[in-house]
């Protein structure tokens, strides 16, 4: 058993890797975890500045960790960095993702598969890298941040919708594989949130999503972050679950 887990469920001394943790929803997940006393790895890809700023803001509980989505070696290196820095790893929140929209007839074969590869193949890389550490942890957890688009579909998002739907199948299958080790695997399916990734969504699509959202507003990064922390830290009898946090868009 990893000694870094001794104080759960209060959060103190637990260690969590958040991929895509340097900005947007990921950064807010890092903040929420750090507030609970969790030691957090905030991953970045090309620029460490935002992750370093988070570490300055939140103190020594947060460490920047390099991670390149879709790279098996980078997944292994990120896990190694976590165990070297904090002495163990109790959970991973897979928040990093890639979006490329467009009607199916207008998206090239290469573009379509780039979305699938980045969002789906990366899951297998991270799972293989992280499972040995999680098997040594107390109440180990994997949370995959997918999208409600993977549950209900959305015109112009065949690649992204397919990728996010695949995340649900992956999570439920993995949950059955690793449940014997006490590892929980759950999915968070956010609705529309204004982030860097969604900034390229056309206004017409935004208006349609807004009209279809029961609460008549878009979500905030903090609302998604609180749900991610719940699944990772508090939902101790949940595995294979899909939590939609979408303001009623999927109703």
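What follows draws every value from the coordinates through simple rules; no lab data is involved. Please read these numbers as outputs of a predicted model, since none were measured by experiment. Virtual Cβ from ideal backbone geometry, glycine too; neighbours counted across all protein chains shown.
With labels modelled as points extended 7 Å from the Cα through the Cβ direction, what inter-label distance (nm, one decimal) is found for residue 236 paired with residue 106?
The modelled label-to-label distance comes out at 5.1 nm.
Using a 10 angstrom cutoff on alpha carbons, build the Gaussian network for the chain and name the most mobile of 223, 105, 35.
Maximum among the listed residues: 105.
What is the distance in Å between the Cα centres of the stretch 96-141 and the stretch 37-64?
Computed from Cα coordinates, the inter-centre distance equals 22 Å.
Given a 10 angstrom Cα cut-off, can you work out which residue in 140, 190, 202 is the most mobile in a GNM of the chain?
Top of the fluctuation ranking is 202.
With n ≥ 4 as the cut-off for DSSP H runs, can you work out [θ] at 222 nm for the chain, using -39500 (n - 2.57) per run divided by the number of residues, rounded to the nearest 500?
On the way: 9 runs with 102 residues, N = 251.
Taken over the chain, the calculation gives -12500 deg cm²/dmol.
With angles folded into 0 to 90 degrees, how steeply does helix 158-178 sit against the dominant principal axis of the chain? Use alpha carbons for both and round to 10.
That works out to roughly 30 degrees.
To test your reading of the geometry: what angle, between 0 and 90 degrees and rounded to tens, separates the Cα axis of helix 24-35 from the longest principal axis of the chain?
30
Provide the packing ranking of 161-169, 51-59, i.e. peptides ordered by the mean count of other C-beta atoms within 10 Å per residue, highest first.
Going by the mean number of other Cβ atoms within 10 Å, highest first, we get 161-169, 51-59.
Once a ≥ b ≥ c are taken as the square roots of the eigenvalues of the Cα gyration tensor of the stretch 59-149, is the result rounded (a/c under 1.5), prolate (a/b larger than b/c) or oblate (a/b not larger than b/c)?
The shape class here is prolate.
Considering only 184, 208, 36, give the residue with the highest GNM mean-square fluctuation for the chain, with springs between Cα atoms whenever their separation is below 10 Å.
For the chain, modelled as a Gaussian network with Cα springs under 10 Å, the answer is 208.
Going by average Cβ density within 10 Å per residue, which order do the peptides 71-78, 15-22, 240-247, 37-44 take, highest to lowest?
With the highest mean Cβ count within 10 Å placed first, the list reads 15-22, 37-44, 240-247, 71-78.
Between residue 128 and residue 251, what is the FRET efficiency for a Förster distance of 35 Å, r being their Cβ-Cβ separation, to the nearest 0.05?
Values: r = 37 Å, r/R0 = 1.04.
The formula returns an efficiency of 0.45 here.
Can you give me the angle between helix 203-212 and the longest principal axis of the chain, using Cα atoms only, in degrees from 0 to 90, rounded to the nearest 10?
Computed tilt is about 80 degrees.
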